[in-house]
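Please treat every number below as a calculation from the coordinates, not as lab data. In this text the structure is predicted, and so the values were computed from the model without any measurement. All Cβ positions, glycine included, derive from the backbone under ideal geometry; neighbour counts span all protein chains shown.
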Amino acid sequence: MLTDAQLLEAAERFGTPLYVYDASVIDRQVARVQEAFAGARVFYAMKANPNLTLLSRLRAQGIGFEVVSLGEFERARRVGAGGDEILVNGPAKTEQEYALGSELGATFIVDRASELDLLPSGAKLLVRVNPGLEVHTHSHLATGEAAAKFGVRLEETVAVIERARALGLSVRGLHLHIGSAITEPGDFGLAFARVAELAAQTGPLEVLDCGGGWGLDADLHGIAQVAREAASAFGAQLWVEPGRFLVAQAGTLLTRVVGQKSTARDFLLLDAGMSELMRPMLYGARHPVRALWEGEARSVDLAGPACESGDLLGRDLALPEYRPGALLAIEEAGAYGASMSSNYLTRPRPAEALFEAGEWRLVRRRQRLEELWEHELPED
Ligand SMILES: Cc1ncc(COP(=O)(O)O)c(C=O)c1O
């Protein structure tokens with residue numbers, strides 16, 4: 001864990017709001033995944049955090065990438081990833097993504113039957129199956145229930161495989177991803193087992209990709225075991241696609257206290273809010289918060305600068321008495337933090353810094369204000 005002194009140094013050097021990453025935590029998480037899922041291929045779901053420095057680090061450890069946009073595709077290419085290291089996913093891929101993916105020999109995750117007609121002949125693919133079950137997570141994070149927009153229904157899967165083959169496409173196997181931040185072991189077991197039942201109809205397949213979605217406290221070995229059992233039903237190699245698990249705990253959002261206020265509740269006012277960290281507002285995420293100053297504790301909510309009542313980065317937290325300019329570390333923010341940050345309120349996206357081998361290094365500079373309107377066409 002980064003020490004208070006290291007965090008204070010980063011805030012001094014690079015300013016706030018600031019995302020900081022601890023390289024050793026990324027390496028630790030990679031090692032945990034590679035140990036628990038030994039023999040499986042790991043593809044990092046880049047949406048969690050697409051910073052090029054992190055991508056290079058992951059690729060150097062043998063990890064491929066799941067990409068869902070042309071931009072993510074280009075990021076994978078910039079860190080040197082070739083076609084067999086790239087999975088092209090998404091429910092609404094574009095013509096350019098199909099063209100680039102097949103030119104490079106990437107593997108597509110087919111999300112609906114009609115996509116088969118859009119793929120060039122010979123394209124390699126996995127069919128994404130929707131196992132049709134409720135999982136224990138926020139409704140915005142569940143992707144494997146019957147009403148979700150993702151995947152092909154279990155009962156239609158075999159027909160999709162047959163049609164793909166008839167079209168001259170190369171069906172490598174099946175894919176599923178039931179949602180994010182899931183810690184309930186039974187959810188994975190049930191979903192994987194449902195898909196494994198298809199083996200009786202499909203026969204052997206090369207790949208079963210069991211997706212990601214592992215909550216930070218999830219029992220990795222338990223998930224690996226049920227995933228392996230499902231893969232072996234197809235005689236397939238297991239692939240996985242973690243995002244959050246690899247990078248969330250490595251990241252911290254540093255923010256300064258700029259004021260305080262009391263209404264019916266007590267607030268600390270921060271220089272970061274929903275533009276920098278969407279997760280609390282988007283799906284009620286609760287991040288651990290560390291105060292880098294001391295004082296008598298009182299219960300407060302953490303309010304960002306947006307004129308939105310939901311712009312709260314924490315609620316009911318016991319934090320020291322208000323001190324202007326004091327620093328707060330919003331932890332476990334390495335996944336879906338910087339990557340979901342926005343220019344809402346014409347706020348520049350924050351800088352990002354990596355702590356590695358005892359030193360801080362800027363890995364994304366803070367956006368400049370002028371960059372925020374440079375694409376607009378001024379009126380004459
Ligand atoms: C298809 C797919 N795979 C993997 C992931 C990664 O999920 P997580 O970051 O929860 O591991 C996602 C996240 O949305 C996804 O949609």
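Among beta bridges from DSSP that stay inside the stretch 24-244, the antiparallel ones total about 5%. Computed over the stretch 181-235, the Cα gyration tensor eigenvalues convert (square root of 5λ each) into semi-axes of 22, 10, 8 Å, ordered from largest to smallest. Of the peptides 307-320, 217-230, the ranking by mean beta-carbon count within 10 Å, highest at the top, reads 217-230, 307-320.
Protection proxy ranking for 69-75, 262-268, using the average of other Cβ atoms within 10 Å per residue and placing the highest first: 69-75, 262-268.
Here is how the number arises for the chain: DSSP H runs of 4 or more residues each give -39500 (n - 2.57), the sum is divided by the residue count, and the result at 222 nm is -7500 deg cm²/dmol. Under Stokes-Einstein, with the Kirkwood radius over Cα pairs as Rh, the value for the stretch 168-317 at 37 °C and 0.692 mPa s is 179 µm²/s. Cross-link partners of LYS261 among aspartates and glutamates, defined as those whose alpha carbon lies under 13 angstrom from its own and excluding same-chain residues fewer than eight positions apart: ASP301, GLU321. The simple spin-label model puts a point 7 Å past each Cα toward its Cβ; for MET1 and CYS307 those points are separated by 3.9 nm.
Among the lysines, which fall within straight-line cross-link reach of LYS93, defined as a Cα-Cα distance under 29 Å, with same-chain neighbours fewer than 8 residues apart omitted? Straight-line reach from LYS93, under 29 Å: LYS47, LYS124, LYS149. In a reduced charge model with +1 at each Lys and Arg Cβ and -1 at each Asp and Glu Cβ, the stretch 105-221 shows a dipole moment near 460 debye about its Cα centre.
The antiparallel fraction among DSSP beta bridges confined to the chain stands at about 45%. Largest first, the extents of the alpha carbon coordinates of the chain on the three principal axes equal 67, 55, 42 Å. Once the Kirkwood radius over Cα pairs is known for the stretch 24-244, the Stokes-Einstein relation at 37 °C and 0.692 mPa s delivers a diffusion coefficient of 191 µm²/s. Legend: helices of the chain (whole DSSP H runs) are marked when their alpha-carbon atoms reach 18 angstrom or more along the helix axis and their mean Kyte-Doolittle hydropathy is at least -0.5; marked are 23-36, 220-233.
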